[in-house]
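Worksheet: one structure, shown below.
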Amino acid sequence: MDIQALQQRFIERYGAADEPVFAFFAPGRVNLIGDHIDYSGGQVFPCAIEHGTTMLVRRSTDSMVKLASDNFDLMANLRQDELETKYDDHWINYPLAVLQQFRMAGVKTTGFECLYFGNLPSAAGLSSSAAIEVVTAYALNQLYAANMDLPTIATLCQQAENQFVGVQCGIMDQYAVAMGKEGHAMLLDCQTLECEQVPLALRDYTFVLVNSNQRRELSESLYNERVQQTVTALHLIQKRHSIEQLAELNISQLEDCEQLFTEHPVEYARARHVVEEQSRVVRAVAELKLNNLVEFGRLMYASHDSLRDQYGVSSDPLNLLVDLTRDNSDVLGARLTGAGFGGCTVNLLKQDRIDAFKETISEPYQNATGLTATFLDFAPSQGVREISLAPLQEVS
């Protein structure tokens with residue numbers, strides 16, 4: 001949907017008014033390597049993509065907060081005393097979570113009207129929730145002159161998801177959505193928030209997403225259990241090593257602690273993934289800078305295998321999508337991206353072989369799973385931003 005059509009939908013829903021309407025956009029993100037280590041202080045390598053969530057917003061003359069989406073039937077007109085309530089697992093919890101953080105930060109908000117539209121597939125592991133959070137925070141920051149910079153907005157949105165939504169995610173998704181740079185992926189240290197923007201110079205290759213269309217819900221999945229398992233592993237290791245985050249360990253230090261995990265073999269496997277994945281990220285980015293895409297792809301496969309075997313967050317459909325690429329000479333690497341439990345794989349393949357790649361995946365995948373794989377080409381994109389709108393009379 002183009003921005004003028006969305007603006008017309010806003011006017012049809014809320015009517016004309018003297019207050020100006022503002023528009024903002026936040027992208028989704030794809031993590032190229034380094035999953036499930038952000039909440040353990042690891043380094044990750046995501047990029048923002050050109051698909052995401054657009055938000056139109058206008059201050060209202062009353063105190064009501066009006067939330068609507070062109071993607072979902074559910075909408076809400078809420079009084080100020082209703083803003084602290086969580087509404088099952090509905091999408092409105094994400095803007096409400098952000099609004100709560102603004103109020104906790106002392107920002108005095110009033111009533112406003114907003115309309116969202118997203119073109120990210122829902123529950124596909126591409127951070128549609130973070131896109132809603134970040135675009136909402138960016139919009140409220142502008143609307144109420146809160147003077148927050150982008151890293152502050154990203155941190156606020158992570159806290160919103162942790163505290164209100166209830167998913168104990170790390171900072172990666174919100175930071176990538178806020179701070180993405182066109183043509184680049186970011187090497188982000190999730191402990192220090194140091195960030196290096198790395199050009200994605202892939203020559204004759206490109207990344208393609210394959211959506212398993214196996215729906216997942218993080219708040220109902222084992223995500224929070226994985227977080228707790230890493231906390232348990234950290235506490236055991238701290239008996240021997242003075243560390244604050246699991247990702248600070250190297251593999252020899254972890255192996256030195258193995259006897260501490262006699263009664264916790266699952267937690268040891270989780271910790272091993274964190275430590276080895278941290279090493280893979282560093283090596284993968286170094287190889288990318290040397291234009292060694294073959295090695296980058298090999299590390300992608302190794303990352304997927306670890307997420308499958310040591311972290312237990314893959315699924316049969318995701319494993320099949322990756323396995324279908326392993327003997328394909330057009331593909332250098334493939335792995336699940338995001339939290340897992342369903343969602344997408346990201347694949348590094350020859351630019352001129354995309355159509356052939358889709359053909360080799362689609363039929364065997366559907367025959368084996370009964371699911372239809374869908375494909376999404378993407379380019380690294382800029383992070384959250386304001387969009388210019390035409391005057392209302394031009395679209396009314």
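Throughout, read-outs are computed from the coordinates displayed, never taken from laboratory work. No experiment lies behind these values; they were computed from the predicted model shown. Positions of Cβ are backbone-derived with ideal geometry, glycine not excepted, and every protein chain shown enters the neighbour counts.
On a 26 Å Cα-Cα criterion, which of the cross-link pairs Lys289/Lys358; Lys181/Lys289; Lys66/Lys108; Lys86/Lys108; Lys289/Lys350 come out too long?
Too far apart for the 26 Å limit: Lys289/Lys358.
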Inset, instruction - Provide the FRET efficiency to the nearest 0.05 for the Ala105-Asp62 pair, computing r from the beta carbons and using R0 = 25 Å. - result: 0.60
Inset, instruction - Could you pull out which residues in the stretch 7-22 have an amide N less than 18 Å from a spot 7 Å beyond the Cα of Ala390, following the Cα-Cβ vector? - result: 7-13, 16-17, 21-22
Inset, instruction - Going by C-beta contacts inside 10 Å, put Glu287, Glu386 in order with the fewest on the left. - result: Glu386, Glu287
Inset, instruction - Excluding Ile153 itself, calculate the net charge of residues whose Cβ lies under 14 Å from the Cβ of Ile153, where each Lys or Arg counts +1 and each Asp or Glu counts -1. - result: -4
Inset, instruction - Provide the net charge surrounding Arg13, with neighbours chosen by a C-beta distance below 14 Å and charges set as Lys +1, Arg +1, Asp -1, Glu -1. - result: -1
Inset, instruction - Grab the other residues whose beta carbon is less than 10 angstrom from that of Cys47, score K and R as +1, D and E as -1, and report the net. - result: +1
Legend entry - Separation of the Met75 and Asp149 label points, Cα + 7 Å toward Cβ, nm: 3.8 nm
Legend entry - Distance (nanometres) between label positions extended 7 Å along Cα→Cβ at Tyr87 and His264: 4.0 nm
Inset, instruction - Distance between Cα centroids, the stretch 1-35 to the stretch 308-354: provide it in whole Å. - result: 31 Å
Inset, instruction - Show that you can apply the helix-only estimate: for the chain, add -39,500 (n - 2.57) for every DSSP H stretch of four or more residues, divide by all residues, and state [θ] at 222 nm to the nearest 500. - result: -11500 deg cm²/dmol
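Does the stretch 223-312 come out rounded, prolate or oblate, given a ≥ b ≥ c as the square roots of the eigenvalues of its C-alpha gyration tensor, rounded meaning a/c under 1.5 and, failing that, prolate meaning a/b above b/c?
prolate
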Legend entry - Highest-fluctuation residue, Ile92, Ile132, Ile33 considered, GNM on the chain with Cα pairs under 10 Å: Ile92
Legend entry - GNM flexibility winner over the chain from Asp70, Asp355, Asp330 (Cα, springs under 10 Å): Asp355
Legend entry - Where labels lie 7 Å past Cα in the beta-carbon direction, separation of Ser362 and Asp377 in nm: 1.5 nm
Inset, instruction - Can you tell me which of 41-49, 344-352 comes out highest on packing, and rank the rest after it, using the mean Cβ neighbours within 10 Å? - result: 41-49, 344-352
Legend entry - Ranked list, fewest to most other Cβ atoms within 10 Å of each Cβ, for Arg29, Arg215: Arg215, Arg29
Inset, instruction - Apply the membrane-span-like helix rule to the chain: whole DSSP H runs, Cα extent along the own long axis of at least 20 Å, mean Kyte-Doolittle hydropathy at least 0.5. List the helices found. - result: 128-143
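So for Glu263, Glu295, Glu244, fewest C-beta neighbours within 10 Å to most, what's the order?
Ranked by crowding around the Cβ, least crowded first: Glu263, Glu244, Glu295.
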Legend entry - Within a Gaussian network of the chain (alpha carbon springs, distance under 10 Å), most fluctuating of Gln229, Gln142, Gln310: Gln142
